[in-house]
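What follows is a short report on a single structure.
The values are calculated or read from the model by the stated rules, or taken from the named source; none is laboratory data. What you see is a predicted model, and the numbers here were worked out from it, not measured in a lab.
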Amino acid sequence: AASFQETTKVLTDAALEGKRDRLVGLKENVIIGKLIPAATGLRRYRTIEIEPVEPPQRPDEHIDDAELAAELGLESELEQPTGADVEGFGSSFAEELEELATEIDETDGSGEPAGAEAQKDE
């Protein structure tokens, strides 16, 4: 027989015979969600204070932009990257950034070159 069948048999027999369970075992208390009588039992462990291994971290929401920039060693968060700032990525990355900046300046914001609409109307 499966374990669930055995459980129903035990419960049925207990109900028919009017048996009571005082729930003194660990399993019974765990099943119904009560605290179990298991611990070291030593009083000194109940009141021991443990220091954290690492110092507590300062929450990020309390750091303003200037403090964060100073902490990261940045002069200004709004500063645009230059070729010197992106040296680790190689010269092609710096050139690509310059090309993108030039393309953005040449467009009117719609993704089309400035004056393209005037050419369509003609």
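In segment 1-15, how many residues are of a type in the set (A, V, I, L, M, F, W, C) and at pLDDT below 75? The number of residues fulfilling the criteria is 3. All of (1) of a type outside the set (Asp, Glu); (2) modelled with pLDDT of 70 or more; (3) in the same structural domain as Lys9 (by TED's automatic domain parsing) hold for Ser92 with one exception: (3). Taking only segment 16-75 into account, find how many residues are in a helix (DSSP H, G or I) and at pLDDT 75 or above. Qualifying residue count, segment 16-75: 17.
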